[in-house]
Each structure stands twice: as structure tokens, then as C-alpha cells.
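Student: Quick one: this structure, given as C-alpha cells, is what I'll be asking you about.
What follows draws every value from the coordinates through simple rules; no lab data is involved. Worth saying up front: this structure is predicted, and the values here are computed from it rather than measured. No Cβ is skipped: glycine too gets one built from the backbone with ideal geometry, and neighbour counts run over all protein chains shown.
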Amino acid sequence: FSCTDRDDEVNLVNIRIQNSTKLFFNEVRIAERDTVYENIAAGEFSEYIEFETAYANAAVSILTDSTSLNYIPTAVSSDSLPIGFYTYEISLDEENQVGLTFRIDD
């Protein structure tokens with residue numbers, strides 16, 4: 001695991017989590033990589049984590065103080081993302097269904 005400073009030379013896929021809910025995320029786990037992002041406040045971003053390969057869609061599990069939430073993608077891309085910076089934005093709808101929006105960071 002390593003935190004990435006955006007000024008460094010980029011050799012890997014860098015992904016961060018954006019918490020677009022009103023909940024505090026104690027833990028966000030990317031299932032395929034068994035990678036954990038910790039302590040992401042409501043409305044905040046995590047640090048970037050580097051991955052050798054990663055995809056535009058990922059299964060995630062989220063732990064909050066009061067509940068655990070899961071997101072299972074309906075379609076999985078077979079092509080790994082090119083080297084760069086990306087964000088998985090996590091949101092909740094009225095029924096507390098998790099949404100994951102993939103974004104390319106400038």
C-alpha cells in the first residue's frame with residue numbers, strides 16, 4: 001500500500017474513494033483486490049491507492065458505525081484501466097441502495 005502524491009511519476013492505476021453519503025465510512029473494501037480504504041468522512045475523499053490492474057466497476061463492501069453496505073456491479077469490464085488517476089464515487093439512494101460512479105480524474 002502506498003499513498004500517492006500527484007506530482008510523482010505515475011506507473012500504476014491510482015484509485016481513491018469519494019464518500020458522497022451522509023455516513024462515515026469506517027472501511028471500504030474493494031473485493032477483487034481485498035484492499036481496504038479506512039476512515040472516509042461524509043463528503044470527503046480517501047487517499048489514492050495504487051493497483052497493478054483495476055477496472056471501471058468493482059464490487060465494494062462498506063462498513064459504517066451502524067450498518068454494512070454492499071455494491072455488486074451488474075456488468076464487469078474485462079479490460080484493465082490505463083495508468084492514471086480515478087475515483088469511485090459511492091452514493092446511497094432513498095432505499096439505501098449503494099451506487100458506484102466511476103470517474104477519471106484530471
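Student: Can you work out the Karplus-derived ³J(HN,Hα) for every residue in region 83-96? Use 6.51 cos²θ - 1.76 cosθ + 1.60 with θ = phi - 60°, whole Hz, and x for glycine or proline.
Tutor: With the stated coefficients, region 83-96 comes to 3, x, 10, 9, 10, 9, 8, 9, 10, 10, 8, 4, 8, 6 Hz.
Student: Could I ask something else about it? Taking the C-alpha atoms of the chain, how large are the radius of gyration and the largest Cα-Cα span, Dmax, in Å?
Tutor: For the chain, the Cα-based Rg and Dmax read 13.2, 42 Å.
Student: Could I ask something else about it? Mind giving me the nanometre distance, one decimal, between the label points for Ala59 and Asn11, set 7 Å out from Cα along Cα→Cβ?
Tutor: My value for the distance between the label points is 3.1 nm.
Student: Continuing with the same structure: Which GluC sites (Glu not before Pro) does the chain hold that lie in a coil by DSSP with at most 12 other beta carbons within 10 Å?
Tutor: Those that pass, being in a loop and sparsely packed, are Glu9, Glu52, Glu94, Glu95.
Student: Give me the net charge for the shell around Asn57: Cβ to Cβ below 14 angstrom, other residues only, Lys and Arg +1, Asp and Glu -1. Present the calculation step by step, with values, prior to reporting the outcome.
Tutor: Details: positive: Arg33, Arg103; negative: Glu32, Asp79, Glu89.
Residues near Asn57 contribute -1 overall.
Student: If R0 is 22 Å, what FRET efficiency do you get for Arg103 and Ile83 from their C-beta distance, rounded to 0.05? Intermediate results must be reported in sequence, preceding the final value.
Tutor: Values: r = 16 Å, r/R0 = 0.73.
Efficiency, rounded to the nearest 0.05: 0.85.
Student: Return the sequence-ordered ³J(HN,Hα) values of region 24-32 in whole Hz as given by the Karplus equation 6.51 cos²θ - 1.76 cosθ + 1.60 applied to θ = phi - 60°, using x for Gly and Pro.
Tutor: Result, ordered by residue: 8, 8, 5, 7, 10, 10, 8, 4, 4 Hz.
Student: Turning to a different aspect of this structure: If you keep only loop residues by DSSP, which trypsin sites (Lys or Arg not before Pro) in region 9-99 have at most 16 other Cβ atoms within 10 Å of their Cβ?
Tutor: When the trypsin sites (Lys or Arg not before Pro) of region 9-99 are filtered for loop state and at most 16 Cβ neighbours within 10 Å, Lys22 remain.
Student: Further question: Stretch Asn96-Ala75 to full length: gain in nm at 0.36 nm per residue minus the Cα-Cα span? Kindly include the intermediate steps, with their values, before the conclusion.
Tutor: Numbers: separation 21, 0.36 × 21 = 7.56 nm, distance 2.04 nm.
Additional length available on full extension: 5.5 nm.
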